[in-house]
Amino acid sequence: MHTFENLAADIESQVRARRTLSLPADWSDELVFPAYDGLSIRNVPHTIAQLLGATLPGLTPLDDAVWGGDSPAGAVDRVVVFLTDGLGYLWLRQMMAEDEEVRSLIGEITDGRGALPLTSIAPTTTVAALTTLWTGAGPAAHGIFGLRMYLRELSMLVNILSYKPAAGKLMNDVLADWKLPAESFVPVPGLAEVLAQHGIPTHLLLSYQLLGTGLSRILHRGVAHAHTHTGFSDLWPRLADVLAQTAGQRCCVSVYWPAVDSIAHHYGADNKYTRHEVMQELLNLRDVLNAESARDGRTLVLILADHGHHDAPQDIRLHQDERARPIFNAMRGGFGGETRLTHLYLRDGYKQAVINTIQEHFADGLTWADAETALAAGLFGTESPHSEAAHRLGDLTLIARLNWQISDNFLRFPLISTHGGLSDWEMLVPFLWKRL
């Protein structure tokens, strides 16, 4: 649909033109900043709540433009959200340009509309993005700024994904045993909780291995019905069953599938394995959504991702690269955040030495922002910040250019492709929708 292609191009142009923060790098115009006010994943839960007759705090739904003049308002009793972790908009668009079958499947799934770009959040990483999708709050408000964060409450660096200290081999979710219950870690209400207050149940379809983990207990507060699957082969019939069971009901159905992200980390973003996974997802989505048992005439299906992906072969190893020694010596301990958007916790009086080192040796691949300035500028969201935001963000935020990442002796993952930063390959995610 030509007009929808024009709409996608217009939205992409709008979000690329945003300059939330002035950065010292010569290449900063390559970056894309979150469009929290209507064209980001933050706005999706606000739209879901609004369509179902509820309201999340700070109501900020998706811009009306995303509906292409065909708003579903007033015609929806059930919203189905399929979240495919790690599928970037630019990557999907490239596949559509190169493969007629992919292009045809996208057309079938969206009734001819195609995919629109939304932005992720900062950082472009699952723990923060999923928290935003389940609360409607940006990281500034919900307080999760990346995979690793310094928690003043425990005086240590923690891994939010496994809800345990970043160092050592302790059991997952052990933080809950240290009087930091996951259910109260985020101080803003969850989407499922708000819907439940209006008598609207939420159904969740999730791997049995993820349900009940620390992160799940952060995200899924208020979920009324949890449905599990064991892997790829039973995901799709389980989804078909859930859609058949909930047809005609006023509810929200949320589905999370991590395969694109896992495969891209392991093999790289652009390879036959990732392509195969995307193709299989599209084929199965088409078939499940076309089943008569899924249709009730009052359902809106939203398909999107939390972030994109890109290979990052240039690794600045702070503990090994002699040029980076002033940075490593300035650090009080391991860094927080991500390998592509990094929070440094620095010794007093050492910030300028870090900045000078970046400017002298790493300006082609790294830039920086004062953490307090980035927070105030709205990089992490425009709401009032979490009481611990300044402590979790530290002193200096490092932002890596496409193809670059940072590691230290505390964090070294052998990942080929990664995410977390502000490049367009990470920041732009696809948004597809369909009526059933």
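Which chymotrypsin sites (Phe, Trp or Tyr not before Pro) in region 9-67 sit in a loop by DSSP (not H, G, I, E or B) and have at most 15 other Cβ atoms within 10 Å of their own Cβ? Provide the component values of the computation, followed by the final result.
Details: sites: TRP27, TYR36, TRP67; in loops: TRP27, TYR36.
Answer in residue order: TRP27.
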Anisotropy class of region 8-47 from Cα gyration tensor, a/c 1.5 cut: oblate
Find how many whole Å separate the alpha carbon centroid of region 68-82 from the alpha carbon centroid of region 299-359. 39 Å
Pairs of alpha-carbon atoms within less than 8 angstrom and 6+ residues apart define the contacts here; what relative contact order does region 129-288 have, in percent? 18 percent
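I need to check one value: relative contact order of region 311-418, counting alpha carbon pairs closer than 8 Å and at least 6 residues apart, in percent. Walk me through the numbers before you get to the answer.
Working: 165 pairs, mean separation 46.4, N = 108.
Reported relative contact order: 43 percent.
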Using a simple charge model, +1 on the beta-carbon of Lys and Arg, -1 on the beta-carbon of Asp and Glu, nothing else, what dipole does region 311-418 show about its Cα centre, in debye to the nearest 20? 220 debye
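How long is the gain from ARG18 to VAL174 if the chain were fully straight, where each residue apart is worth 0.36 nm and the alpha carbon distance is subtracted?
On the way: separation 156, 0.36 × 156 = 56.16 nm, distance 4.04 nm.
Length difference between fully extended and current span is 52.1 nm.
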Along region 149-158, what does the Karplus equation 6.51 cos²θ - 1.76 cosθ + 1.60 (θ = phi - 60°) give for ³J(HN,Hα), rounded to whole Hz, x for Gly and Pro? 8, 7, 9, 5, 4, 10, 6, 7, 8, 10
Can you tell me which aspartates and glutamates have their Cα less than 15 Å from the Cα of LYS179? Leave out same-chain residues fewer than eight positions away. GLU153
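Using Cα pairs under 8 angstrom and six or more residues apart, how large is the relative contact order of region 1-138, in percent? Don't skip to the end; give the middle numbers.
Details: 144 pairs, mean separation 48.5, N = 138.
Relative contact order here is 35 percent.
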Taking only Cα atoms, what is the 0 to 90° angle, nearest 10, from helix 351-361's long axis to the longest principal axis of the chain? 80 degrees
Placing +1 on the Cβ of each Lys and Arg and -1 on the Cβ of each Asp and Glu in region 311-418, which of ASN329, GLY378, GLN352 has its Cα farthest towards the positive end of the resulting dipole? ASN329
Using Cα-only point scatterers and the Debye equation, what is log10 of I(q)/I(0) for region 311-418 at each q in 0.21 Å⁻¹, rounded to two decimals? -1.16
What angle do you read, to the nearest 10 degrees and between 0 and 90, between the alpha-carbon axis of helix 272-290 and the longest principal axis of the chain? 30 degrees
If you stretched the chain out fully between ASP315 and MET279, how much longer would it get, using 0.36 nm times the residue separation minus the C-alpha to C-alpha distance? 9.9 nm
So which aspartates and glutamates pass the test for LYS351, namely a Cα distance under 14 Å, with those fewer than 8 places away in the same chain ruled out? ASP370, GLU372, ASP395
Proximal charge balance of ALA35 [Cβ under 9 Å; K/R count +1, D/E count -1]: 0
For region 225-266 and region 364-436, what is the centre-to-centre distance using only Cα atoms, to the nearest Å? 28 Å
Peptides ranked, highest mean first, by Cβ atoms within 10 Å: ranges 349-355, 127-133: 127-133, 349-355
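Is the shape of region 175-323 rounded, prolate or oblate, going by the alpha carbon gyration tensor and its root eigenvalues a ≥ b ≥ c, with a/c under 1.5 for rounded and a/b larger than b/c for prolate? Working shown, then result.
Working: a/c = 2.49, a/b = 1.26, b/c = 1.97.
Oblate is the answer for region 175-323, as a/c is 1.5 or above yet b/c matches or exceeds a/b.
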Put +1 on the Cβ of each Lys and Arg and -1 on the Cβ of each Asp and Glu in region 311-418; which of ALA389, ALA369, PRO313 then has its Cα farthest toward the positive end of the dipole? PRO313
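Charges only on Cβ, +1 for Lys and Arg, -1 for Asp and Glu: so what's the dipole of the chain about the Cα centre, in debye to the nearest 20? Walk me through the numbers on the way to the answer.
Details: 34 positive and 49 negative charges, 207 e Å.
So the magnitude is around 1000 debye.
Just subtract the alpha-carbon distance of GLU108 and GLU322 from 0.36 nm times their residue separation and send over the number in nm, one decimal. Walk me through the intermediate numbers first.
Values: separation 214, 0.36 × 214 = 77.04 nm, distance 5.39 nm.
Length difference between fully extended and current span is 71.7 nm.
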Fewest-first sequence of LEU379, LEU154 by Cβ atoms within 10 Å of each Cβ: LEU154, LEU379
List the residues, sorted by chain then number, that are 5 or more residues from HIS229 or on another chain and whose placed amide H is less than 5 Å from its amide H. LEU206, SER207, TYR208
The chain: antiparallel DSSP beta bridges as a percent of all, rounded to 5: 55 percent
Can you run phi through the Karplus equation (6.51, -1.76, 1.60; θ = phi - 60°) for region 416-429 and list ³J(HN,Hα) in whole Hz, with x for Gly and Pro? 6, 10, 8, 6, x, x, 10, 5, 4, 5, 8, 7, 8, 10
Scan around PHE431 for amide H atoms under 5 Å from its own, H built in the peptide plane at 1.01 Å from N, and keep only partners 5 or more places away or cross-chain. LEU116, LEU118
Which far-off residues, 5 or more places away or on another chain, put their amide H under 5 Å from the one on VAL80, with H placed in the peptide plane? VAL253, LEU300, VAL301, LEU302
Nitroxide proxy distance, nm - points 7 Å out along Cα→Cβ at THR228 and SER71: 4.2 nm
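Readers should treat all values here as calculations from the given coordinates under stated rules, not as data from a laboratory. The structure displayed is predicted, hence computed values, not measured ones. In this analysis, Cβ positions are derived from the backbone assuming ideal geometry, glycine residues included, and neighbour counts consider all displayed protein chains.
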